[in-house]
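One structure is given here, and the rest of the page talks about it.
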Amino acid sequence: MIRRIGTAILLSMGLWVRAQSADTVTYRSPIDFPMLLSANFGELRPNHFHGGIDIKTQGVTGKVVRSVADGYISRAAVFHGGYGQAVYVTHPDGHTSVYGHVEKFMPSLQERVRDYQYKYETFTCDLSFEPDEFPVKAGEAIALSGNEGASAGPHIHLEIRRTDNGNYIDPLPYFRNCLKDAKPPVASMVGFYPLVGQGLINGSDKKLLLGVSSLDSPVYAWGKIYTGIIAKDYMDETTNHYGVHSVTLYVDSVKVFCSKTDEISPRENRMINGFIDYDELQRTRRLVMRSYKSSGNKLGILFTEKGNGAITIDEERDYAFCYVLEDNFGNTEKYRFTVRGKRQDISGKKDGNGQHLYWNRTNIVQKPGLEFVIPKGMLYDDARLYTEVKGDSADVSFNYMLDAGNVPLHDYCDLAIGVRQLSVPDTTKYYIVRMDGARRHSEGGQYSEGWVHTKVRNFGTFSVAVDTVPPRVIPVGRSSWQSSRNIRFRVSDGETGVAEYKVYVDGSFVLFGLKKGMLVIQDKDRISRGKHHRMDIVVTDYCGNETRENYEF
């Protein structure tokens, strides 16, 4: 008893031992069948690196998920998107394991979550627990696998995090004994990039992407340039492809750049947009890993010598480039190519029109009826911003084009737009919309003293819009509700999106979950077969527009 109390005190104070490496710790598999992965740690994803490994569950849900080591369940969360349902286990080695997209929690934990959901009449929740509430042993069942949240198919998303700072660390080294991999990474393209106003590639100041089969012939360059590579990894017994663990670039046998995805800070996750060729991603969906560290990119997985990975081509000779790609099992592949120095006139690119944005200071953009503040640290490089104001005095607001090209913002920035005409008296109905051609994206916002204020993390074209249209609620399979109790509604909102929903049966709250646009009953046993029921449903959007429907079955 004394030992358990002491452990609980240490846990609650966050004083468990320093996180141990895979050299000293081996975890058991969270599943009872052979482990195959559909995704690995550090894979390139939109706006983030993949923070764990995705374990296949043989194409089905309901597989037993087991704790990888002794510890205690410290957290359980239910979200509409993201992990869907996730359970967190804190271990005495300084790590916390996370199991995402699960279908159900272990019975005692499931009961605790349900109690909270019914008490507060909410599907989403995020609960924390003390060390003595849900202790678990290695191999103990903690959940059933599922396909919840932002999941494209049944699997377990497994993360290993540092308990002290929340950093994601690569789980794969802890499970090498569960996996087989004799396949090296494979590259498909190499990119060549001149620094703006400082270099040329084949006589041009534009980037050049070449398939690896075209690298037999030299590329001509002069001035300051850098390169990038598109590559994927592969593993035995599966056709899936994965992210490359390590990318190293040598020029004339000197290391100039290395990326290694061993550990990623949540604060740095979105800095992936400064690592990849963000413009190429937006235009072609290609994911090019740049061997260059932008001035404002503090991503800790990137290592460069002086010049941040840029190479100065200032001699008329052949420069020998070599990429070394390596996975977590020591499988490597090399790609060699030549950049031939050819003297060319570099005129230096003029800034041109537009407002200069600086990566290392706060930038304020002001136009009649608009203020946009980009704090220091929100840009990875300097950029040019081109603005245009369109519309007339009869509009709710002007349309404001804020065009910096395909340049990413690291986080949310304050945007305020003035309202010219109050087309409806209820000011809660006003929001800011971002227009992308025919597509419209709600950026939310609140009205105050003639302005709508919100936060955005994309450039684009913005204006104030009005949402007075309530959400749509469409019953699905109503004729079989009584017999199957599989009660569902298709729910949508064309402007600001669904914010809240509640369902009552015979006057009592019944838990429903919004999953991929479908509102689905979570507790069928709350519906009695052979009994007449009255159901009331309330769905509200982010501007407070409400839909109320009632059904009898």
Being open to solvent by 50 Å² or more (accessible area, probe 1.4 Å), polar (S, T, N, Q) and modelled with pLDDT under 95 is the filter here; which residues of region 449-481 pass it?
Ser479
The one condition Ile487 fails out of (1) within 29 Å of Thr468 (Cα to Cα); (2) open to solvent by 20 Å² or more (accessible area, probe 1.4 Å) is (2)
Being part of a loop (DSSP other than H, G, I, E, B), touching a Lys or Arg at 6+ places or on another chain (Cβ under 9 Å) and of a type outside the set (Asp, Glu) is the filter here, so list the residues in region 69-80 that pass it.
Ala69, His80
Can you run down the residue pairs with Cβ atoms below 8 Å, 6 or more apart or on separate chains, where the first is in region 512-529 and under 17 Å from Tyr83 (Cβ atoms) and the partner is acidic (Asp, Glu) and open to solvent by less than 50 Å² (accessible area, probe 1.4 Å)?
Lys515/Glu148
Please work out if Asp414 is of a type in the set (Asp, Glu) and over 30 Å from Glu280 (Cβ atoms).
no
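Every residue, every condition in (1) of a type in the set (S, T, N, Q); (2) surrounded by 23 or more Cβ atoms within 10 Å (Cβ to Cβ), yes or no:
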site: Ala39; (1), (2): no, no
site: Glu43; (1), (2): no, no
site: Lys56; (1), (2): no, no
site: Val65; (1), (2): no, yes
site: Gly71; (1), (2): no, yes
site: Phe79; (1), (2): no, no
site: Gln85; (1), (2): yes, yes
site: Pro92; (1), (2): no, no
site: Tyr99; (1), (2): no, yes
Are any of the residues in region 225-238 over 21 Å from the mean Cα position of the chain (by Cα), of a type in the set (Phe, Trp, Tyr), modelled with pLDDT of 95 or more and in a strand (DSSP E or B)?
yes
All positions within region 128-165 that are open to solvent by 20 Å² or more (accessible area, probe 1.4 Å) and without any contact (Cβ under 8 Å) to a residue 60 or more places away in the chain
Ser128, Ala152
Out of everything in region 369-399 that is at pLDDT below 95 and open to solvent by 70 Å² or more (accessible area, probe 1.4 Å), what residue ends up being nearest to Lys298 (Cα to Cα)?
Lys390
I'm checking my understanding of the structure. Among residues of region 263-289 that are among the hydroxyl-bearing types (Ser, Thr, Tyr) and more than 27 Å from Gln20 (Cβ to Cβ), which one is nearest to the chain's Cα centre (by Cα)?
Tyr278
Lone qualifier among Lys306, Lys260 - being open to solvent by 20 Å² or more (accessible area, probe 1.4 Å), in contact with a Ser or Thr (Cβ under 7 Å, 6 or more places away or on another chain) and either under 25 Å from Cys322 (Cα atoms) or in contact (Cβ under 8 Å) with a residue 40 or more places away in the chain (or both):
Lys260
Looking only at region 314-347, count how many residues are on the phi > 0 side of the Ramachandran plot and either buried (at least 17 other Cβ atoms within 10 Å of the Cβ) or hydrophobic (A, V, I, L, M, F, W, C) (or both).
0
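The values are calculated or read from the model by the stated rules, or taken from the named source; none is laboratory data. Just so we're clear, the structure is a prediction, and the values are computed from it rather than from any experiment. Glycine also receives a Cβ, built like all others from the backbone with ideal geometry; neighbour counts cover every protein chain displayed. What goes into the accessible areas is simple: the full protein's heavy atoms, side chains included, and nothing from ligands, DNA or RNA. Shrake-Rupley method; radii C 1.70, N 1.55, O 1.52, S 1.80 Å.
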